[in-house]
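*Asks:* Have a look at this one before I ask anything.
Please treat every number below as a calculation from the coordinates, not as lab data. Source: prediction; values computed, not measured. Here the Cβ is made from the backbone with ideal geometry for all residues, glycine too, and neighbour counts use every protein chain on show.
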Amino acid sequence: MRQNRVLSLVGLATKARKTVSGEFSTEKAVKDGRAVLVLVSTESSDNTKKKFQNMCTYYEVPVYFNGTKEELGAAMGQEFRASLAVLDEGFGKAIEKLLQQ
């Protein structure tokens with residue numbers, strides 16, 4: 001249930017053009033200071049998880065490992081997505097609140 005609400009919020013944020021996805025775009029959003037929250041698929045490689053964990057810790061952006069690549073992609077209306085960044089404060093806080101429950 002909680003997972004469905006998280007994915008629904010990701011979908012809404014995507015429709016509002018407040019997300020970026022893919023490793024390169026997510027990394028750029030974090031480094032530019034535009035990312036409010038980063039979601040990385042649980043299926044991502046250990047290298048990818050470590051890379052985003054270290055980068056987000058350095059830039060003080062919350063990072064969560066949640067959902068499969070297929071689930072994240074479907075929520076965004078795409079095929080597969082290993083990582084995405086939420087760019088809006090409101091969506092970011094709402095998603096983070098659900099993930100912390």
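*Asks:* By average Cβ neighbour count within 10 Å, what is the ranking of 91-100, 53-62, 29-38, 77-86 from highest down? Mind dumping the intermediate values first?
*Replies:* Values: 91-100: 17.1, 53-62: 14.6, 29-38: 19.1, 77-86: 20.7.
With the highest mean Cβ count within 10 Å placed first, the list reads 77-86, 29-38, 91-100, 53-62.
*Asks:* Which one, L7, G90, V38, projects farthest toward the positive side of the charge dipole computed for the chain from Cβ point charges (K/R +1, D/E -1)?
*Replies:* G90
*Asks:* Under the Karplus relation 6.51 cos²θ - 1.76 cosθ + 1.60, θ = phi - 60°, what is the ordered set of whole-Hz ³J(HN,Hα) values for the stretch 15-24, x standing for Gly and Pro?
*Replies:* Rounded to whole hertz, the list is 4, 7, 6, 10, 9, 10, 9, x, 4, 5.
*Asks:* Can I ask one more? Report the full-extension gain for the segment L12 to Q101: residue separation times 0.36 nm, less the Cα-Cα distance, to one decimal in nm.
*Replies:* The L12-Q101 span can extend by a further 30.0 nm.
*Asks:* Sticking with this one: Averaging sequence separations of C-alpha pairs under 8 Å and six or more residues apart, then dividing by the length of the chain, give the relative contact order as a whole percent. Walk me through the intermediate numbers first.
*Replies:* On the way: 163 pairs, mean separation 41.5, N = 101.
Here the relative contact order equals 41 percent.
*Asks:* Let's see if you can work this out: charge +1 on each Lys and Arg Cβ, -1 on each Asp and Glu Cβ, no other charges. What is the dipole magnitude of the chain about its Cα centre, in debye to the nearest 20?
*Replies:* Details: 15 positive and 12 negative charges, 40 e Å.
Computed charge dipole of the chain: roughly 200 debye.
*Asks:* Next up: What residues qualify as long-range amide H neighbours of K18, i.e. H under 5 Å apart, gap of 5 or more or another chain, H built at 1.01 Å from N?
*Replies:* Placed amide hydrogens put nothing under 5 Å from K18.
*Asks:* With viscosity set to 1.002 mPa s at 20 °C, what whole-number translational diffusion coefficient in µm²/s follows for the chain from Stokes-Einstein and a Kirkwood radius over Cα pairs? The partial results should precede the final answer.
*Replies:* On the way: Rh = 12.9 Å.
My calculation gives 166 µm²/s for D.
*Asks:* On a straight-distance basis, which aspartates and glutamates could pair with K15 in a cross-link, Cα separation under 17 angstrom, same-chain partners fewer than 8 positions away excluded?
*Replies:* List returned: E71, E79, D88, E89.
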